Ligand code: 1BN
Ligand code: ZN
């Protein structure tokens with residue numbers, strides 16, 4: 001078949017898939033036409049994600065495309081500040097859900113009311129699932145919310161960068177059936193409502209704590225083979241130190257993969273402790289790791305913007321996590 005005919009077939013199949021709807025997303029309402037917050041135009045050089053998934057599934061596993069991830073980052077920043085409970089965060093969720101549905105990934109929303117120092121705040125985690133050959137799941141997680149601030153805080157690194165990488169990983173991982181089920185977890189309410197982070201589990205990480213409580217209630221905690229949390233992964237010239245509380249075999253798997261790919265400089269062996277969304281999983285006995293670079297001078301300032309993040313950093317993290325997943329699957333011990 002000529003290339004042109006293949007392309008036509010791909011487009012037709014993609015349209016048919018869209019007409020049928022995505023699998024397992026009954027909980028997700030169709031995207032609203034306009035919630036009063038507009039999205040920036042997508043980079044026109046980037047083809048629609050569903051077409052790309054179909055092409056790649058014919059040609060073998062897809063590669064992580066840093067340019068696509070960069071577009072996801074730009075689109076989030078274009079929404080402006082996205083704190084928990086805001087219309088802009090709801091628009092960001094719609095963007096995420098549309099991307100997952102376009103990639104034919106079943107999606108659901110997990111809504112809850114968080115008790116915060118500012119009163120009750122409605123929050124929603126978004127969960128996408130790529131069925132694997134095994135029921136046990138590896139979770140790739142990010143927080144989507146940005147910090148409430150008395151200045152314009154758009155979280156290009158803190159919020160948008162990791163969400164962009166997880167969105168692009170979703171497209172790539174959907175292109176071939178993984179061994180473990182892969183869950184894409186887009187968390188709400190990671191940031192403290194008060195300015196200070198405070199004690200972990202009091203005024204922060206609302207979404208991850210709710211997710212873990214819900215999984216415990218549902219009896220599915222033991223199906224989680226590993227939780228890989230990405231946070232602040234967009235700094236130019238990143239240095240991801242080994243997070244000191246994270247599960248050692250999981251840290252080893254990712255850092256060894258980084259060295260193998262030639263990214264040892266970005267994943268040095270020094271360690272530092274960080275409190276983040278992975279803590280709720282660790283406390284529940286789930287193997288968990290936080291890939292985060294906290295040595296970021298614009299952290300929680302107005303300078304966490306497009307001028308202080310790098311497309312190359314997204315590519316490095318995407319490549320490393322993608323290559324580490326089979327290694328994580330190989331090393332994951334059976335859960336009791
Ligand atoms: C990550 C992004 N965090 C907040 N925004 C968690 C964190 C807490 C990072 C304390 C560094 C120190
Ligand atoms: Zn933050």
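The values are calculated or read from the model by the stated rules, or taken from the named source; none is laboratory data. All figures in this text were calculated on a predicted structure; none of them were measured in a lab. Reconstructed Cβ throughout: ideal geometry from the backbone, glycine too, with neighbour counts over all protein chains shown.
Just for region 166-185: of the residues that are in a loop (DSSP other than H, G, I, E, B) and in contact with a helix residue (DSSP H, G or I) (Cβ under 8 Å, 6 or more places away or on another chain), which one is farthest from ligand 1 (Cβ to nearest atom)?
176
Kindly provide the set of residues from region 236-249 that are touching a residue at least 12 places away in the same chain (Cβ under 8 Å) and either over 24 Å from residue 310 (Cα atoms) or crowded, with 23+ Cβ neighbours inside 10 Å (or both), ordered by number.
Passing the criteria: 238, 240, 243, 244, 245, 246, 247, 249.
Quick check: anything in region 113-124 buried (at least 24 other Cβ atoms within 10 Å of the Cβ), part of a strand (DSSP E or B) and in contact with a strand residue (DSSP E or B) (Cβ under 6 Å, 6 or more places away or on another chain)?
No, because not a single residue in region 113-124 is buried (at least 24 other Cβ atoms within 10 Å of the Cβ), part of a strand (DSSP E or B) and in contact with a strand residue (DSSP E or B) (Cβ under 6 Å, 6 or more places away or on another chain).
Give 252, 304, 293, 213 a once-over and let me know the one that is surrounded by 14 or more Cβ atoms within 10 Å (Cβ to Cβ) and closer than 23 Å to residue 124 by Cα.
On inspection, the qualifying residue turns out to be 213.
Checking residue 179 against (1) buried (at least 24 other Cβ atoms within 10 Å of the Cβ); (2) in contact with a strand residue (DSSP E or B) (Cβ under 8 Å, 6 or more places away or on another chain), only one condition comes out false. Which one?
Exception for residue 179: condition (1).
Whether any residue in region 141-157 is out of contact with any helix residue (DSSP H, G or I) (no Cβ under 9 Å at 6 or more places or on another chain), within 16 Å of ligand 2 (Cβ to nearest atom) and assigned to a helix (DSSP H, G or I) is what I want to check.
no
Would you call residue 255 within 30 Å of residue 305 (Cβ to Cβ) and away from ligand 2 (no atom under 16 Å from the Cβ)?
yes
On the basis of being part of a helix (DSSP H, G or I) and either within 14 Å of ligand 2 (Cβ to nearest atom) or touching a strand residue (DSSP E or B) at 6+ places or on another chain (Cβ under 7 Å) (or both), does residue 282 make the cut?
yes
Search region 83-112 for residues being more than 17 Å from the chain's Cα centre (by Cα) and assigned to a helix (DSSP H, G or I), and hand back the single one that is surrounded by the fewest Cβ atoms within 10 Å (Cβ to Cβ).
Looking at the filtered set, the residue picked out is 87.
Is it true that some residue in region 113-131 is within 16 Å of ligand 1 (Cβ to nearest atom) and under 13 Å from the mean Cα position of the chain (by Cα)?
No, that holds for no residue.
What are the pairs with Cβ atoms under 7 angstrom where one residue, in region 186-200, is more than 19 Å from residue 227 (Cβ to Cβ) and within 11 Å of ligand 1 (Cβ to nearest atom) and the other, located anywhere, is at pLDDT below 95 and assigned to a loop (DSSP other than H, G, I, E, B)? Sequence gap at least six, or different chains.
Listed pairs, sorted by first residue: 192/198.
Taking region 201-221, which residues are touching a residue at least 12 places away in the same chain (Cβ under 8 Å) and within 16 Å of ligand 1 (Cβ to nearest atom)?
Scanning region 201-221 gives 201, 203, 204, 205, 206, 207, 208, 209.
If you scan region 243-262, which residues turn out to be touching a strand residue (DSSP E or B) at 6+ places or on another chain (Cβ under 6 Å) and farther than 21 Å from residue 166 by Cβ?
244
Those residues that are closer than 22 Å to residue 196 by Cα, more than 14 Å from ligand 1 (Cβ to nearest atom) and within 19 Å of the chain's Cα centre (by Cα), I need them from region 282-306; list them, please.
Within region 282-306, 305 is the sole residue that qualifies.
Quick one: in region 222-237, of everything that is in a loop (DSSP other than H, G, I, E, B) and within 16 Å of the chain's Cα centre (by Cα), which residue is nearest to ligand 1 (Cβ to nearest atom)?
Here the residue is 232.
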